[in-house]
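Only one structure is covered here, and it is reproduced in the block below.
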Amino acid sequence: MTCNSTLAEGVWSDARERSTTEPGSGDKTLANTSITAGQRVTGSRRNGGVVHVQQLRILTYHNVGTPPAGSKMQKLYVSIENFDRQCWLLRRLGMRGVGMDVGLRALRAGKAQKLAVLSFDDGFVDNLTNAAPILREYGFQAICYVVSGAVGGHNTWDAEQLGVVKPIMDQRAMQLWLESGNEIGSHTVSHPRLTELDDESARREIFESRGELQRITGTAVDHFCYPYGDHDGRSIALVRGAGYASAVTARRGPAVPGSDPFGLPRITVNRGRGLLKFGLHVATPYSWLRRQ
């Protein structure tokens with residue numbers, strides 16, 4: 001698989017420039033020359049020909065900040081500086097960070113090519129303290145999938161494994177997140193692997209998390225995220241039955257028209273992803289072609 005070489009050079013040049021340039025400055029060359037989703041895409045392994053595809057990139061984040069010394073899975077952290085650079089590049093490309101409501105409506109309307117859904121898993125406090133001010137600076141919105149049973153607590157499901165206790169937003173923090181124009185989604189009650197639960201336990205995790213988060217926030221909670229991306233037909237049926245409008249997975253790639261709204265793929269953004277690779281994922285058919 002090959003990517004457009006001119007675009008790759010443009011993203012790389014822009015990434016190098018960004019390392020010494022303040023956010024928002026510089027010309028719009030990259031934005032004007034980028035191939036965007038919905039344009040003519042060549043090189044697909046599906047049908048061996050040209051594909052016209054409308055894509056919605058749903059980006060996955062966990063923590064924004066510096067990982068504690070000695071903690072495991074440090075790739076789950078994106079530094080404040082890198083998150084700022086990624087938002088800067090999105091704006092430079094003429095794109096906008098949005099929540100799931102706007103993103104899904106745009107995908108259905110065939111107008112998603114200039115949008116990227118910014119999604120945060122678990123509900124960590126640093127999403128509010130470190131990411132939200134940057135989102136506000138760029139006029140972006142995002143969705144945070146919160147583990148309802150951990151509100152005001154910490155990551156009990158993997159703290160021992162990761163060697164770090166990560167605080168989860170409390171009710172007031174969630175209200176501040178919402179007041180910035182962002183969304184809250186459900187990530188179950190306790191962050192289990194749903195396929196390993198019995199029917200009643202799986203139902204409780206999916207149904208009760210929505211009800212509790214709606215009670216806490218006083219707003220609709222319409223979107224769901226499967227913990228660890230673990231799901232099956234039963235999980236999907238329960239999510240539908242609970243009244244959610246969508247659910248995201250750990251399957252890689254962008255969403256396209258016809259994607260199952262209860263099995264949406266995402267693009268993981270982690271500590272090791274440089275600005276060049278980030279640009280290829282959000283501004284070119286790169287992610288879609290990797291799926292074919």
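Just a few scattered comments:
- Screening ARG210 on (1) basic (Lys, Arg); (2) surrounded by fewer than 16 Cβ atoms within 10 Å (Cβ to Cβ); (3) over 30 Å from ALA283 (Cβ atoms) shows it passes everything except condition (2).
- Looking across the range 127-172, the residues that are within 16 Å of the chain's Cα centre (by Cα) and among the aromatic types (Phe, Trp, Tyr) come down to PHE140, TYR145.
- Any hit, the range 268-288, residues being under 20 Å from GLY185 (Cβ atoms), outside any strand (DSSP E or B), among the hydroxyl-bearing types (Ser, Thr, Tyr) and modelled with pLDDT of 90 or more: no
- Listed by first and then second residue, the pairs linking a residue in the range 221-233 that is over 12 Å from VAL147 (Cβ atoms) to a residue that is small (Gly, Ala, Ser) and part of a loop (DSSP other than H, G, I, E, B), with Cβ atoms under 6 Å apart and 6 or more places separating them unless they lie on different chains, are ASP222/ALA245.
- Of the residues making up the range 63-112, those that are surrounded by 21 or more Cβ atoms within 10 Å (Cβ to Cβ) and in a loop (DSSP other than H, G, I, E, B) are LEU93, MET95, GLY99, ALA112.
- Taken over the range 113-138, the criterion of being part of a loop (DSSP other than H, G, I, E, B) and within 13 Å of TYR61 (Cα to Cα) is satisfied by GLY123 alone.
- Residues within the range 135-189 that are among the β-branched types (Val, Ile, Thr) and within 16 Å of GLY218 (Cβ to Cβ), tallied: 3
- The set of residues in the range 184-211 that are β-branched (Val, Ile, Thr) and either touching a strand residue (DSSP E or B) at 6+ places or on another chain (Cβ under 9 Å) or on the phi > 0 side of the Ramachandran plot (or both) comprises ILE184, THR188, ILE206.
- Condition met for ARG210 (of a type outside the set (Gly, Ala, Ser) and under 19 Å from CYS144 (Cβ atoms)): yes
- Taken over the range 53-72, residues that are touching a Pro at 6+ places or on another chain (Cβ under 9 Å) and closer than 21 Å to ALA132 by Cβ amount to 2.
- For the range 246-264, the criterion of a residue being in contact with a Pro (Cβ under 8 Å, 6 or more places away or on another chain), touching a residue at least 60 places away in the same chain (Cβ under 8 Å), of a type in the set (Gly, Ala, Ser) and closer than 23 Å to ALA150 by Cα is satisfied by at least one position.
- Residue within the range 158-167 that is touching a helix residue (DSSP H, G or I) at 6+ places or on another chain (Cβ under 8 Å), free of Cβ contacts under 8 Å to residues at least 12 places away in the same chain and surrounded by fewer than 15 Cβ atoms within 10 Å (Cβ to Cβ) present: yes
- Being modelled with pLDDT of 95 or more, surrounded by fewer than 19 Cβ atoms within 10 Å (Cβ to Cβ) and more than 19 Å from ARG108 (Cα to Cα) is a description that applies to ASP198.
- The range 236-272, residues that are buried (at least 20 other Cβ atoms within 10 Å of the Cβ) and over 23 Å from ARG108 (Cβ atoms): LEU238, VAL269
The values are calculated or read from the model by the stated rules, or taken from the named source; none is laboratory data. Keep in mind it's a predicted model, so treat the numbers as computed, not measured. With ideal geometry, Cβ positions are generated from the backbone for all residues, glycine too; neighbour counts draw on all protein chains shown.
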